[in-house]
Amino acid sequence: MSDPEMEYTTLGDTGLEVSRFCLGCMNFGSDREWMIGDEERSHEIIDRAIDLGINFLDTANVYSHGESERIVGDVIEEYDREELVIATKVYGSMGDGPNKQGLSRKHILDQVEGSLDRLGTDYIDLYQIHRWDETTPIEETLHALDHLVETGKVRYIGASTMAAWQFTQALYESDLDDYARFTCMQPQYNLVDRQEEENVLPVCADQGIGVVPWSPLGGGFLTGKYDRDSEPEEGRAATDEHTYERFTDENWAVLDAVREVADEKGVTPAQVSLAWLLHQPVVDSPIIGPRSIDHLEENVAALDVSLSDEERERLEAPKNPVWSRNIADL
Ligand SMILES: NC(=O)c1ccc[n+]([C@@H]2O[C@H](COP(=O)([O-])OP(=O)(O)OC[C@H]3O[C@@H](n4cnc5c(N)ncnc54)[C@H](OP(=O)(O)O)[C@@H]3O)[C@@H](O)[C@H]2O)c1
């Protein structure tokens, strides 16, 4: 079978061209049992993703404590840097002791240097705050990020996983102070985690903010690899609590609908789930997290799956999304 033709879009209201899938790089490391833990295999997945036309890669300083950024850096030096859009994040703990986490000016200015070094690049295309920092005024964070944009170390800034009021406050403050504005939001969003429809997604639609959903397959739940009647012995859910928490009656009902639509169309549940995200007007580029080349190829082929309004309604019917404050604690 020939490779699907990659599609590109501009990220939110910016002119930045990104592939319709972003390659999530959290699996490239050895921090957790469910990660790849094999550099050569990680390199092969990144190479194949770029070969398939993916030009957008998402990592974070905290992913396996810098290991993911280093692996990405080793691979991208072989490619045309101008074509690639490299995204990373700051906020999470990078060690014990004071000033090792959060969004203070000091921590951001320290961490950007570490990320640039591990990524082996002079600039980061999209620098994202991984979470909201309750202890640092957002003006301080925005001022530090604005400085990075002004000095050319960062091209665009983005945010992830927070309450809509916090994100709105940040946009308002940057407009007020004439600081660089967040151009992109990274929320958890997939067919079984739809709470962001009641939180940050309406803000993004209104403000022209790019949306790059994380865990687009619910950590693997939406691939249909698990069964309602048995405990997971393999796959991420076997060792990752957050993935296992998705095993609820309501989510199994979503998966029933996904399997039904997939059977009717002769495609896989993962492809239906990803195609549903690609059909959401607010979504630019779901961040897929393949653990093998087979996963990657199967997932990217979702580009060729089109869903009717009736199919989308069936997939959405089992859920009635509500926003819960503790989602921001993820
Ligand atoms: N901003 C944030 O706070 C945040 C949080 C989480 C993730 N992220 C970003 O989002 C990216 C993706 O997140 P995610 O890894 O949770 O995404 P995901 O696509 O929901 O889950 C990926 C996992 O599902 C399984 N899988 C994927 N494709 C499959 C297929 N075709 N068939 C069978 N199993 C398949 C694999 O796990 P197994 O093979 O182990 O079952 C894989 O590791 C991350 O790499 C990271 O860049 C950001």
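Only the coordinates and a few stated rules stand behind these numbers; no lab work does. The model shown is predicted, which means the values in this text are computed figures rather than measured ones. Here Cβ is always computed from backbone atoms with ideal geometry, including for glycine, and neighbour counts include all displayed protein chains.
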With n ≥ 4 as the cut-off for DSSP H runs, can you work out [θ] at 222 nm for the chain, using -39500 (n - 2.57) per run divided by the number of residues, rounded to the nearest 500? -11000 deg cm²/dmol
Any idea what the dipole of region 54-115 comes to, in debye rounded to 20, about its Cα centre with Lys/Arg Cβ at +1 and Asp/Glu Cβ at -1? 500
17 Å reach of a label modelled at E113, 7 Å along Cα-to-Cβ, counting backbone N of region 132-150: 144-145, 147-149
How high is the relative contact order of region 53-121? Use alpha-carbon pairs under 8 Å, at least six apart in sequence, and give a whole percent. 39
Once you've got the GNM for the chain with C-alpha springs shorter than 10 Å, pick whichever of S308, S104, S93 has the biggest mean-square fluctuation. S308
On a straight-distance basis, which lysines could pair with K100 in a cross-link, Cα separation under 16 angstrom, same-chain partners fewer than 8 positions away excluded? K89
Candidates G210, G266, G114: whichever shows maximal mean-square fluctuation once the chain is modelled as a Gaussian network with Cα springs under 10 Å: G266
Testing the spin-label approximation: label points 7 Å from Cα along Cα→Cβ at Q207 and H43. State their distance in nm. 4.1
Charge dipole of region 215-330 built from unit charges on the beta carbon (Lys, Arg +1; Asp, Glu -1), centred at mean Cα; most positive-end Cα among V267, T239, H279 is H279
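Filter the trypsin sites (Lys or Arg not before Pro) in region 213-253 to those in DSSP coil with at most 14 other Cβ atoms within 10 Å of their Cβ, and list the result.
Of the trypsin sites (Lys or Arg not before Pro), the ones in loops of region 213-253 whose Cβ has at most 14 other Cβ atoms within 10 Å are R228.
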Expected max-MSF residue from D193, D284, D309 in the GNM of the chain (alpha carbon, under 10 Å) is D309
Please give the charge dipole size of region 186-324, origin at the Cα centre, charges +1 on K and R Cβ atoms and -1 on D and E Cβ atoms. Round to the nearest 20 debye. 280
